[in-house]
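Nothing in this text is a laboratory measurement; each read-out follows from the coordinates by a stated rule. Keep in mind it's a predicted model, so treat the numbers as computed, not measured. FYI the Cβ positions are ideal-geometry reconstructions off the backbone, even for glycines, and counts take in every protein chain you see.
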């Protein structure tokens, strides 16, 4: 006496297989949607932006005349801001991650810090802009400088770098730490020679992705006081500056059609920079990927 | 003052426990060792001596505390945050739990080989040179010599001498484990603790490690935890049988396997449980 009726099983078979195909279809559709949007975006930018894209576009300063306008000031401004943001956020972020993962006792207090860092990663960037305005621009009197902008950006991406670095440190197998401690290595030696090198690819990938996000941010720098129209490049950390996304924002908000096309050209430059950064991240991940 | 008292205690203990007195001097003297993981009483009143330059095997069923015990000897067990201990382990006339005795110093003298081969993701050379380097040896010539001597000591020199600068992950599991043994030898320890060193290896690699242990005991005191009773019988001089965190029986390997005095030991080695 079989408990399962063969007939029922056979009847259900068709529906199960149909549901299987439907599920696959839904997921493909979800992916296609994103791909189509991206393709449309790229096509629009490409068709609008190619006209003004030239070497002069990159090396000229902004101008009232579209045919003479360029993004040199914004490009160099972006590089200056990143030159502040990258080392500051890397050192502070990785330091925090190492403390939390390797040194801190797992108690209520560290859990509290942990939750707050994760939450900070989701705070809108404009809030970081206001923070930067209060602390760096006003309190520390850095004015509307590259330094103030770079530090604000560092704050913005710090939580992301901390979380990514913690993940990377956590993937280092316990075996390796034990092997090192088992030979009489101190905690610092173990971290410096074993744990950190093994986690470095993950840490660098996370850092570069966070920096890519910072490159595209506008809001915090607008609040901190980056300029919209600049005909000079920063000379030092206390110079005034503008960055690519602000220049693009400025162009798109003008009525003349030509400036919209300039913005599209600028977007192409920005996308190329992002593409290069992400390629570096992928390269690092593959090159230093260690088998455990 | 403290150390003198401890020594007296040991002398007394040896007199009382006549059957435990060995020809070889003791590398470790373990007295009244208790260990808890949270509420779980994992080691209960462990008391025994581990002889120098011999192989001491520890056998017992899973969860009997044998791995916990061997990790107590180099204080690796303290990496578990909830662990608590009482009692003393005397190594070279000093209690290893003494606050003045740093774990780094202890582990330089008491090396360890782990269950799963765990080479670093570095070259073979860098794996072996790691120990000397962390202890401050920078001279390239000295390092070269240490690397060769250690690899020879672990009977793997001939297999790897032409590819010292390749990643150790490229080696087979058995070779990796001998690299780990060589890495342990490179810090020139007195004692080598082995926590089921062959459980992840194939029979041929296991045989090689076992032969190596026989070689190594000429110069090192070896404590080996094993799941494999035949292995204990083959390679050890003394065997301890652990059950539920207690030492049930500890004596010459041949006596333990041929004529166990405790019923539980007999049941275990004849395969009636465990």
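The calculated FRET efficiency for the pair residue A:30 and residue A:186, based on their C-beta separation and a Förster distance of 51 Å, comes to about 0.55. Normalising the Debye intensity of the protein assembly as shown to I(0), with uniform scatterers on Cα atoms only, and taking log10 at q = 0.05, 0.09 Å⁻¹ returns -0.36, -0.86. What the Kirkwood sum gives for chain A is a hydrodynamic radius of 22.4 Å, with every pair of different alpha carbons counted. Look at the stretch B:114-124: the mean tally of other chain Cβ atoms within 10 Å of its residues' Cβ atoms is 4. Centre-to-centre separation between the Cα atoms of segment B:179-209 and those of segment A:194-266: 55 Å.
The order of the peptides A:73-81, A:136-144 by mean Cβ neighbours within 10 Å, most packed first, is A:73-81, A:136-144. Note on segment A:2-49: Cα Rg divided by 2.2 N^0.38 Å, N the number of residues, gives 2.20. With the convex hull drawn around the C-alpha atoms of segment A:149-200, the volume per residue stands at 73 Å³. Expressed in units of 2.2 N^0.38 Å, where N is the residue count, the Cα radius of gyration of segment B:183-234 is 1.11.
Quick one: order A:251, A:188, B:157 by neighbouring beta-carbon count within 10 Å, fewest to most.
Going from least to most buried by this count: A:188, B:157, A:251.
Inverting the pair-averaged 1/r between distinct Cα atoms of segment A:24-167 gives 18.8 Å as its Kirkwood hydrodynamic radius. Only helices enter this figure: runs of n ≥ 4 DSSP H residues, each worth -39500 (n - 2.57), summed and divided by the residues of chain B, yield -11000 deg cm²/dmol at 222 nm to the nearest 500.
Computed from Cα positions, the angle between helix B:124-134 and the longest principal axis of chain B comes to roughly 60 degrees. Only DSSP H runs of four or more residues enter the estimate; each adds -39500 (n - 2.57), and after division by the residues of chain A the mean residue ellipticity at 222 nm equals -23500 deg cm²/dmol.
Subtracting the Cα-Cα distance of residue A:236 and residue A:61 from their residue separation scaled by 0.36 nm leaves 61.2 nm. Compared with the dominant Cα axis of chain B, that is its longest principal axis, helix B:173-185 is turned about 80°. Separation of segment A:109-178 and segment B:64-137, taken as the distance between their Cα centroids, equals 37 angstrom. Here the convex hull built on the C-alpha positions of segment A:131-232 has a volume of 123 cubic angstrom per residue. Rg and Dmax, both from the Cα atoms of chain B and both in Å, are 18.8, 57.
The mean count of C-beta atoms from other chains within 10 Å of the C-beta of residues in A:192-201, rounded to a whole number, is 2. With a Förster radius of 30 Å applied to the C-beta separation of residue A:111 and residue A:175, the computed FRET efficiency comes to 0.70. What angle do you read, to the nearest 10 degrees and between 0 and 90, between the alpha-carbon axis of helix B:203-216 and the longest principal axis of chain B? Between the helix axis and the principal axis of chain B, the angle is about 80 degrees.
For the ranges A:163-172, A:113-122, what's the packing order if you count other beta-carbon atoms within 10 Å of each residue, average per peptide, and put the highest first?
Averaged packing, sorted descending, gives the order A:163-172, A:113-122.
Using the Cβ-Cβ distance between residue B:200 and residue B:138 with R0 = 22 Å, the FRET efficiency computed as 1/(1 + (r/R0)^6) comes to roughly 0.05. Peptide B:131-139 has a mean shielding of 3, counted as Cβ atoms of other protein chains within 10 Å of each residue's Cβ. For the peptides A:203-209, B:59-65, the ranking by packing is A:203-209, B:59-65, with the highest mean count of neighbouring Cβ atoms within 10 Å listed first. Principal semi-axes of the equivalent ellipsoid, √(5λ) from the alpha carbon gyration tensor of segment B:196-274, are 23, 15, 11 Å from largest down.
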